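Here the structure comes first, spelled out in structure tokens, and everything after it is commentary.
The values are calculated or read from the model by the stated rules, or taken from the named source; none is laboratory data. On a predicted model such as this, the values are computed, not experimentally measured, just so you know. No Cβ is skipped: glycine too gets one built from the backbone with ideal geometry, and neighbour counts run over all protein chains shown. SASA here: full protein model, heavy atoms, side chains in, ligands and nucleic acids out. Shrake-Rupley method; radii C 1.70, N 1.55, O 1.52, S 1.80 Å.
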Amino acid sequence: MVKLTPELIELSAQYVNPVRDRELNLRGYKIPVIENLGATLDQFDTIDLSDNDIRKIDGFPLLRRLKTLLISNNRICLLRNPVATKKYYRLYLIHKLPQLRLIDFRKVKQKERDEASTLFKGKRGKKLEKEIGRRSKTFVPGGALGNSEKKTGGPSASDIEAIKTAIAKATTLEEVERLNQMLKSGQLPGKELLKMNQTSGGRKNETDDEDETMDTESGAVNGN
């Protein structure tokens, strides 16, 4: 595993790719975290970070020139990714990448292919496709992830405390990570999930108390 340092950036391959873009090749180093990209001095149109161990798309300075980011074969989760909440997200992917067989671990059905073909057919479909292409720029290097539109609301203080309590009482690492990501993104889990996580710790404590009581009673019996 290699740390992404200014020295590594300087020593990595830099060239003009087949589409005439200036590209920086950082693939295959098993980089765990995106950092120090300010050392590129915003001189690249494309940065290739394929075949690494990156988990999150963050740590970017403002890179106005960057327009293509290659991140295949990393450990980034697509599930619950902000882009998945966009309208026509699934149909748009099916339309643009007809060879896809699975999206978010769900098989692409022929019905969806037909629906995507109909939706993006003709002049109206071309117009819709352009609109989606413009709106789907959810990532701006150096900017906030997710929708750039002004948010009209967010979780209240009590909601945040409830999520923190659920995180503290979560019983698995997956639950902790999921709730933590929701807290960071301002999203709220479903009330049932939140209630379940909040009470799970209490149930465990009740069980422990019962076990302790039983042990005490057992000891008293043995003592007699």
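Take the residue pairs LYS56/LYS86; LYS67/LYS121; LYS56/LYS121; LYS109/LYS164; LYS67/LYS164 and return only those whose Cα atoms are more than 29 Å apart. Walk me through the intermediate numbers first.
On the way: LYS56/LYS86 19 Å; LYS67/LYS121 27 Å; LYS56/LYS121 35 Å; LYS109/LYS164 39 Å; LYS67/LYS164 37 Å.
The pairs that break the limit, which is 29 Å between Cα atoms, are LYS56/LYS121; LYS109/LYS164; LYS67/LYS164.
What does region 55-125 give for Rg and for Dmax, in Å, if only its C-alpha atoms count?
15.0, 42
Going 7 Å from the Cα of LEU70 in the Cα-to-Cβ direction, what parts of region 28-44 have a backbone nitrogen less than 15 Å from that spot?
Inside the label zone: 28-30, 44.
Considering only VAL33, VAL16, THR85, whose Cα is most displaced toward the positive end of the charge dipole of region 10-115, charges sitting on Cβ of Lys, Arg (+1) and Asp, Glu (-1)?
The listed residue farthest towards the positive side: THR85.
Using the beta-carbon distance between GLU7 and LYS96 and R0 = 45 Å, what value does 1/(1 + (r/R0)^6) give for FRET efficiency, to the nearest 0.05? Don't jump to the answer; show the numbers that get you there.
Values: r = 38 Å, r/R0 = 0.84.
The computed FRET efficiency comes out at 0.75.
For LEU79 and GLU161, what is the calculated FRET efficiency with R₀ set at 25 Å and r taken between the beta-carbons, to the nearest 0.05?
Working: r = 26 Å, r/R0 = 1.04.
Using R0 = 25 Å, I get an efficiency of 0.45.
Determine the relative contact order of region 24-72: mean sequence separation of Cα pairs under 8 Å and six or more apart, normalised by residue count, in whole percent.
45 percent.
For region 56-119, give the magnitude of the charge dipole about the Cα centre (Cβ charges: +1 Lys/Arg, -1 Asp/Glu; no others), in debye to the nearest 20.
Working: 16 positive and 5 negative charges, 18 e Å.
For region 56-119, the charge dipole is close to 80 debye.
Counting only other residues whose beta carbon sits under 12 Å from that of LEU24, what net charge do I get with K and R as +1, D and E as -1? Can you show the working numbers first?
Details: positive: ARG22, ARG27, ARG65; negative: GLU10, ASP21, GLU23, ASP42, ASP45, ASP48.
Residues near LEU24 contribute -3 overall.
For region 1-110, with every protein chain kept in place, what is the accessible area per residue (1.4 Å probe, Å²)?
Details: 7080 Å² over 110 residues.
Here the residues of region 1-110 average 64 Å² of exposed surface.
Given the Cα atoms of region 23-84, and with Rh set as the inverse mean 1/r over their pairs in the Kirkwood sense, what is Rg to Rh to two decimals?
On the way: Rg = 11.5 Å, Rh = 12.1 Å.
Reported Rg/Rh (Cα atoms, Kirkwood Rh): 0.95.
FRET efficiency for VAL33 and LYS123, Cβ-Cβ distance as r, R0 = 45 Å, nearest 0.05? Each step should come with its number before you reach the end.
Numbers: r = 45 Å, r/R0 = 1.00.
Computed FRET efficiency for VAL33 and LYS123: 0.50.
Compactness ratio of region 1-110: Cα Rg over 2.2 N^0.38 Å, N = residue count? Don't skip to the answer; put the middle values down first.
Details: Rg = 15.8 Å, N = 110, 2.2 N^0.38 = 13.1 Å.
Normalised by 2.2 N^0.38 Å, the Cα Rg of region 1-110 equals 1.20.
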